[in-house]
Structures are given as C-alpha cells and as structure tokens.
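The structure under discussion appears below in the form of structure tokens.
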Amino acid sequence: MDLFADQPPWHEPLDDGAVILRRFAFATAAELLATIAQVAAQSPFRQMVTPGGYTMSVAMTSCGPLGWTSSRSGYRYAHHDPLTGKPWPEMPPAFRTLCDDAARAAGYPDFQPDACLINRYAPGAKLSLHQDKDEPDLRAPIVSVSLGLPAVFQWGGLKRSDPLKRLLLEHGDVVVWGGPSRLYYHGVQPLKPGFHPDTGPWRYNLTFRQAGDGE
Ligand code: SIN
Ligand code: FE2
C-alpha cells in the first residue's frame, strides 16, 4: 500500500539539473499502463543482445519516431523496429502529455522527445551502471517514469567510480535529469519479487529522450 497515494506530488531535489517528482504519474498510471499494452501489441517486448553478446535481463520496446536497439553490431536509435520491420508505434498522446508536464515541472519547458523507451523488469532484472549517451543533443534532458513494483535506482556522477546514492523509485515517480547531470551514471538494482495491484510481478519504466538532432 502506498501511504502517500492521497498526497499531491512533491519535488525531491536530486542533483544539479536533476529532480525526483514523487508520484507525479500516479494519477495517470492506469492510462499509461493500458497504453504500454497497446504499444507492446504492435512492437513486442524483447530482450536485446549487447554488442558484447550478453542478453539483457530487461525486456524493451519503444515508441515515437525513433527507438533504441541493441545487437551484436552495436547500440543505436532507428526509425524501424528490427523485430517487425515496421516503424515504431507512434508516441501516444497520453505519454507525450505526461512527459511535457514533467519536463516543465522540472524546469525543462522546451523538451521535445522523439523517442520513448519502455523497459519491463521481471524479478531479478537489472540495468548495470551506465550513461545515457547515445543521443546527439545532450542539451535535452531525460524524463524517466516508474510504474508498478518499486526498484532501487543507483545515481552516481560523471565518473563510473563516483559514489552512488540509492533511491527507491515507486509507482508514479518521475526522475528528470539534464544540464550538469545529463551524463551522470545511473542504474537499477535487481528487481525484488513482489506483486503490484496494477502491474502484477513487473516494474515498467518509460524514458523519454530527444534521440535525433531535433530538426
Ligand atoms: C534507464 O536508465 O534507461 C532506465 C532507468 C529505470 O528503469 O529506472
Ligand atoms: Fe539510462
């Protein structure tokens, strides 16, 4: 049970250029989850292979003009889903509205995302410490929405060896980072098994990015 469910969202400063908007997506979570299912019906969740040959524990899909893919030949953003051969599903208006509202609340009113990556975490799934650096224009922030089971988010600094903060991200929490912290290392610790009334055994995460040059 979320003891803060009845509270309005609140801001939790995280770092220079970074903030956690606690429960910001709580009120729209059911709509966002139904919309994830619609996107996944067109471009299914899949576990991608890294260039190093490792199968990622997180299952992913994308929507919007650009989607992120990984394979033995590298990471990249592409206009087509390599699994279906078709363009990625369109960015749903419900996603875009939430992202615009969150970006504005975090101080990035001009953010124009052209990609939304959707991650699905099963128990044990994790995301190793990494930087989001496949995007050409690093002036644009990242907007990250957590839904379903809680996860421990690791938040570091510009160097991989910088000390890590560990923050619990819960259903409806939105993290926005940009400016001085745009390239900060971050990751997700292995998901603890559990059951969430809206997502069952899973955690979902949406990350909105400007992955093209903004033209
Ligand atoms: C990411 O780093 O791209 C996703 C983070 C998360 O799942 O919270
Ligand atoms: Fe990331």
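The values are calculated or read from the model by the stated rules, or taken from the named source; none is laboratory data. Just so we're clear, the structure is a prediction, and the values are computed from it rather than from any experiment. Here the Cβ positions follow ideal geometry from the backbone for every residue, glycine too, while neighbour counts run over all protein chains shown.
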Which residue out of Q112, Q131, Q154 is modelled with pLDDT of 95 or more, over 30 Å from P193 (Cβ atoms), surrounded by fewer than 20 Cβ atoms within 10 Å (Cβ to Cβ) and not basic (K, R)? Q112
Name the pairs: first residue in the range 123-140 and within 16 Å of K165 (Cα to Cα), second residue aromatic (F, W, Y) and more than 9 Å from ligand 1 (Cβ to nearest atom), Cβ to Cβ under 7 Å, at least 6 apart or on different chains? L129/Y185; H130/Y185; Q131/Y185
Need pairs with beta-carbon distance below 6 Å; first residue closer than 14 Å to P9 by Cα and within the range 94-109, second of a type in the set (S, T, Y); sequence gap 6+ or separate chains. L98/T28
Pairs please, first residue from the range 166-177 and closer than 17 Å to L33 by Cα and touching a residue at least 12 places away in the same chain (Cβ under 8 Å), second anywhere and of a type in the set (S, T, N, Q) and not in a strand (DSSP E or B), Cβ atoms under 9 Å, 6+ apart in sequence or on different chains. H171/T199; G172/T28
When restricted to P92, P87, the only residue surrounded by fewer than 19 Cβ atoms within 10 Å (Cβ to Cβ) and out of contact with any Asp or Glu (no Cβ under 7 Å at 6 or more places or on another chain) is P87
Within the range 148-171, does at least one residue satisfy the condition of being more than 13 Å from ligand 1 (Cβ to nearest atom), within 26 Å of F45 (Cβ to Cβ) and in contact with a Pro (Cβ under 9 Å, 6 or more places away or on another chain)? no
(1) within 11 Å of ligand 1 (Cβ to nearest atom); (2) within 19 Å of G67 (Cα to Cα) all hold for Q112 apart from (1)
If D110 satisfies all but one of (1) within 18 Å of S144 (Cα to Cα); (2) in a loop (DSSP other than H, G, I, E, B); (3) within 15 Å of ligand 2 (Cβ to nearest atom), what's the number of the condition it fails? (3)
Across the range 1-29, the tally of residues that are under 20 Å from P150 (Cα atoms) and either basic (K, R) or more than 17 Å from the chain's Cα centre (by Cα) (or both) stands at 16
Condition (residue is within 16 Å of ligand 1 (Cβ to nearest atom), touching a residue at least 40 places away in the same chain (Cβ under 8 Å) and not β-branched (V, I, T)) applied to the range 6-14: is it met by at least one residue? yes
Which numbered condition L66 misses (of (1) out of contact with any Pro (no Cβ under 9 Å at 6 or more places or on another chain); (2) surrounded by fewer than 17 Cβ atoms within 10 Å (Cβ to Cβ); (3) over 23 Å from L191 (Cα atoms)): (2)
